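The values are calculated or read from the model by the stated rules, or taken from the named source; none is laboratory data. The shown structure was predicted, so the numbers you read here are calculated from the model rather than taken from an experiment. Reconstructed Cβ throughout: ideal geometry from the backbone, glycine too, with neighbour counts over all protein chains shown. What goes into the accessible areas is simple: the full protein's heavy atoms, side chains included, and nothing from ligands, DNA or RNA. Shrake-Rupley method; radii C 1.70, N 1.55, O 1.52, S 1.80 Å.
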Amino acid sequence: MDDRPREKLILRGPQSLSDAELIAILLRTGMKGKSVLTIAQEMINREGNLAVLSSKSHSSLIKTNGIGKDKAATLVAAFELAKRILHQQKWLFDKKITSPSDVAEIYIPLLKNETKEQFWVLCLSTSNKIIKQEAISIGNLNSSVVHQREVFKVAIDNNAASIILMHNHPSGNTEPSNEDIVITKKLVEVGKIMDIPIFDHIIIAGNNYTSFVERRLI
């Protein structure tokens, strides 16, 4: 795509563009014998839709003919920005957390495609609105990774009235492990001592979730 056709696409306005045209703008150029629009459309056709394409890693994208490291990096960055914007729109707009499903609705789009396990602390105000989110560990969840002091430091620093624990299972299995249960019970007891109750612990796996409160595990 040379500058002139690209400029025409941009002037049409993003809402009027097809998925392939939007991807083509990011890619900028095609390759010998194949236009950038054709490459973009082939990528979408191969994956089925934009949602699946957006979950692909940099190493996966560069396997596409005509997609080098720079183009793959551009796509990964654009997809990550879109995920973060969607996520922040949902929790920054004064949403009150009244149930585990509220948390799942916000965070499933953010965590469902992560390939590493992440442990998050969500700080709530007295009106049960999220005032801070922080990932305190990335990797396998165990007692040596998730420290009580890190969990409650986030809560104290942000004057949290209560907190929600949350982590993802890249395996797709929402069942809490024994380690999950042990860590959660320890943190609940510390929360009682510090007068910072743990509202829930949510496990996200794919498009599903498990709530410790709903399962009566805390």
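Structure values in brief
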item: Candidate set: segment 109-145, residues that are among the small types (G, A, S) and in contact with a helix residue (DSSP H, G or I) (Cβ under 8 Å, 6 or more places away or on another chain); chosen: the one modelled with the highest pLDDT; result: S137
item: Residues of segment 165-197 classified as out of contact with any helix residue (DSSP H, G or I) (no Cβ under 6 Å at 6 or more places or on another chain) and not in a helix (DSSP H, G or I), total; result: 13
item: Tabulated pairs, segment 151-167, first more than 12 Å from I130 (Cβ to Cβ), second polar (S, T, N, Q) and in a loop (DSSP other than H, G, I, E, B), C-beta under 9 angstrom, 6+ apart or interchain; result: N159/S125
item: Boolean, T29 is surrounded by 13 or more Cβ atoms within 10 Å (Cβ to Cβ) and either among the basic types (K, R) or not in a helix (DSSP H, G or I) (or both); result: yes
item: Condition broken by F212, with the remaining ones in (1) in contact with an Asp or Glu (Cβ under 7 Å, 6 or more places away or on another chain); (2) touching a residue at least 60 places away in the same chain (Cβ under 8 Å) satisfied; result: (2)
item: Subset of segment 48-69 that is surrounded by 15 or more Cβ atoms within 10 Å (Cβ to Cβ) and in a helix (DSSP H, G or I) - its residue that is modelled with the lowest pLDDT; result: L50
item: Subset of segment 92-130 that is within 24 Å of P170 (Cβ to Cβ) and among the aromatic types (F, W, Y) - its residue that is most open to solvent (accessible area, probe 1.4 Å); result: W120
item: Candidates K153, K132, K186 - the one that is out of contact with any Gly (no Cβ under 9 Å at 6 or more places or on another chain), within 29 Å of A82 (Cα to Cα) and among the basic types (K, R); result: K132
item: All positions within segment 92-140 that are charged (D, E, K, R) and in a helix (DSSP H, G or I); result: D102, E105
item: Cross-chain or 6+ apart pairs with Cβ under 7 Å, segment 44-70 first and hydroxyl-bearing (S, T, Y), then part of a loop (DSSP other than H, G, I, E, B) and open to solvent by 60 Å² or more (accessible area, probe 1.4 Å); result: S55/N113
item: Segment 146-164 - residue that is assigned to a loop (DSSP other than H, G, I, E, B) and at pLDDT 90 or above and, of those, most open to solvent (accessible area, probe 1.4 Å); result: N159
